[in-house]
Amino acid sequence: MQAYRGLKTNYDKWDDLSEDFADQQQQKAVSLRDELNSIQTEALEPSLALSIELLKYDLDQSIHYYPFRYHNYPVNSLFGLHTEVPSFLINIHQIHDIKDAQNYIARVEGVAELFDQLIEQLEIRERKGIIPPNFVFEKTISTIENFLTGYPLQELQSVKTDQVLHPVWENFIQKLNELQLYKS
């Protein structure tokens, strides 16, 4: 969310999908909600009191629905990390300097860990019997296979100028060319 807002904090990282992180976030939500409940909102400006009440409501919802966090399909034919990762790198991760380029590379390198966490989440859902309908699989697999084409994921057959590049690789080179940091 930071990058979507134009912030470059943690610009080299992906969201943490681990169970440990989810549990930590739940504990923080409970703690913050408890702190907010101790505030005497009637002594505050009406707009601030309303903001606090809205935040408490949001936290209450998050806390209440935490046990149901697995009741979704994080990879399906319409959306999921298999499409969000390349789209994010291409459309959201901007490269304005060398540090941004290094962060882009770090994110690409971090995809393996991110997908390991995603697989863990899918396995939890599988154990709970939360599996998408069969018709979803064919389209989802086809979409994933499309993202596994192009150099450098597929070796160059010969040196050709019309060689198909992976969209993320092509985007990275384009962003570097725009900065004149690299010439392909």
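The values are calculated or read from the model by the stated rules, or taken from the named source; none is laboratory data. All values reported here derive from a predicted model rather than from experimental measurement. Areas reflect the complete protein model, heavy atoms only, side chains present, ligands, DNA and RNA absent. Shrake-Rupley method; radii C 1.70, N 1.55, O 1.52, S 1.80 Å.
Just GLN40, GLN174, GLN61 to compare: in a GNM of the chain, with alpha carbon springs under 10 Å, which one fluctuates most?
Looking only at GLN40, GLN174, GLN61, the biggest GNM fluctuation is shown by GLN40.
Counting only helical runs of four or more DSSP H residues, what would the 222 nm mean residue ellipticity of the chain come to if each run contributes -39,500 (n - 2.57) and the total is spread over all its residues?
Here the helix-only value at 222 nm equals -20000 deg cm²/dmol.
In Å², what does the accessible area per residue of the range 16-142 work out to with a 1.4 Å probe?
65 Å²
Measure of size requested: the Rg and Dmax of the chain, with Cα atoms as the atom set and Å as the unit; please supply both.
When restricted to Cα atoms, the chain yields Rg and Dmax of 21.3, 73 Å.
Eigenvalues of the Cα gyration tensor times 5, then square-rooted: what semi-axes does that give for the range 1-101, in whole angstrom, largest first?
Its equivalent ellipsoid spans semi-axes of 32, 20, 13 Å.
Helix by helix through the chain, keep the DSSP H runs that span 20 Å or more along the axis on Cα and average at least -1.0 on Kyte-Doolittle, and give those back in order.
What comes out of the filter, once short or polar helices are dropped, is 46-65, 98-128, 134-147.
What do you get for Rg/Rh of the range 65-133 when both radii come from the Cα atoms and Rh is the Kirkwood radius?
1.09
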